[in-house]
Structures are given as structure tokens and as C-alpha cells.
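All remarks here apply to the structure that follows.
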Amino acid sequence: MSKKTVTYQLGFLLILAFFGCQNVSVPKPKAFLTLDYPPAIYETVKINLPWTFDKNEFSELEVSKKNNQIEGVNLNYKPLNAVIFMSYKPVKNNFKDLVQSSLAITQQHAKVAHGVSEKEFQNGNKKVYGKIYDLSGPVASQIQFYASDSTNHFLSGAVYFNIKPNYDSIFPATRYLQKDIVRLMESLEWEN
């Protein structure tokens, strides 16, 4: 072989190595993590509260008291690392104040949210009226809600995860909890 042929072959190999070893970036489609949660099985909660509701058996009921009075109920979803906090207040000519207080909390979270959607809830037969707020983005609480009969009872609630919020990661868990909140609102009945 001549020196010229060897030089051409080395040059050809260098060109192949240079262009053949480059990684080509291929865009990947956006997707959410698919997690399998157990199918929801609901049971009616009837304890010493002025209301009853259905809760998912997947959650643990925790009652919070103040001065031996039940002030609220928490539904702890340990495998999801999430809690639905609910607080109850009797309405005593302060319905507008209670709604404003609930909205103020939602508005604080909305300041950092990417978006907020609002769903109105009405059940005239059971005298349950309220709203569910769905907040997207890096907020501490992705779902907030309130329900009332506007004359005697006011219940407000929020979902909190016991981790730093990463909307994409907790999205499947948020959707699972949202279904439980809708069921809670649909089954809510006030005691007289």
C-alpha cells in the first residue's frame, strides 16, 4: 500500500468517527406517571359530628378536637403521603365571612398557581351547596373546597401532600383524591 492510500483511509476513518459518533436528540412525548391505586370503596362516616359523609376505605379518619369539641376531620391517605383537612364551623349570621375566609385561603394559593378552575356544587334535596377549586402548578394545596347549607353548617377543606409539591409527580394522586372529594360532597348530609 502506498502512503497516499493509507492517508486517505485514515482520513476516511476520522471523518466516519467524527460524524458517526454524534448523538441525535429525539424529543420524547410528555407523559404522566401511571400509578395504580386501589379502586375506591366507600363507607359512610357516622360519628359525633353534625354531618355524615362517605369516605374511601383507603383513607384513615382522624378527628381533631379543641376544648373537647370536634372541630374538624382529617382523611389521611398514608400511601399517597396526603391528607384531606376539613374544618367545620356553625353558621351564626356569619355565612359571608366564612365564605370569604375560605376564598382568602384559595386566593393565597392561587398567587403561585399556573391555573385555577372552579366547579360549583349544588344538591337542593340535601341542602348542600359549595365549590371545588382545582389549582395547577407548584402550590401547597391542589384542591380546596367548601360546602354549606348557608344557614347552619359550613365545612371547608383542602388537600395537602406531605412533600414538596411537584405538580407533574402528584398529578395522578391529585385526580384520585379529587374523585373522593366529589363523592364526599355528593354524600354529605347535615344533622339537625
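What follows is calculated from the coordinates using simple rules that are stated; it is not laboratory data. Since the model is a prediction, treat every value here as computed from it, not as a measurement. Cβ atoms come from the backbone with ideal geometry, glycine included; neighbour counts cover every protein chain shown.
Couple of notes before you dig in:
- Of the criteria (1) within 16 Å of N152 (Cβ to Cβ); (2) in a strand (DSSP E or B); (3) among the β-branched types (V, I, T), which one I84 fails: (1)
- Among the candidates V128, V91, V139, residue that is touching a helix residue (DSSP H, G or I) at 6+ places or on another chain (Cβ under 6 Å), aliphatic (A, V, I, L, M), on the phi < 0 side of the Ramachandran plot and surrounded by 15 or more Cβ atoms within 10 Å (Cβ to Cβ): V139
- If you go through the range 110-156 and keep only what is more than 26 Å from P50 (Cβ to Cβ), in a loop (DSSP other than H, G, I, E, B) and among the β-branched types (V, I, T), you end up with V112, V139.
- The range 47-76 - residue that is touching an Asp or Glu at 6+ places or on another chain (Cβ under 9 Å) and part of a loop (DSSP other than H, G, I, E, B) and, of those, farthest from K127 (Cα to Cα): F58
- Single condition K92 does not satisfy, out of (1) in contact (Cβ under 8 Å) with a residue 12 or more places away in the chain; (2) in a loop (DSSP other than H, G, I, E, B); (3) farther than 21 Å from N162 by Cα: (1)
- One residue stands out among those in the range 44-88 that are of a type in the set (V, I, T) and either in contact with a Pro (Cβ under 9 Å, 6 or more places away or on another chain) or over 30 Å from I170 (Cα atoms) (or both): the one that is surrounded by the fewest Cβ atoms within 10 Å (Cβ to Cβ), which is I47.
- The set of residues from the range 157-192 being closer than 13 Å to F121 by Cα and either assigned to a strand (DSSP E or B) or β-branched (V, I, T) (or both) comprises I181, V182.
- Test result for Y146, buried (at least 20 other Cβ atoms within 10 Å of the Cβ), within 17 Å of F85 (Cβ to Cβ) and hydroxyl-bearing (S, T, Y): yes
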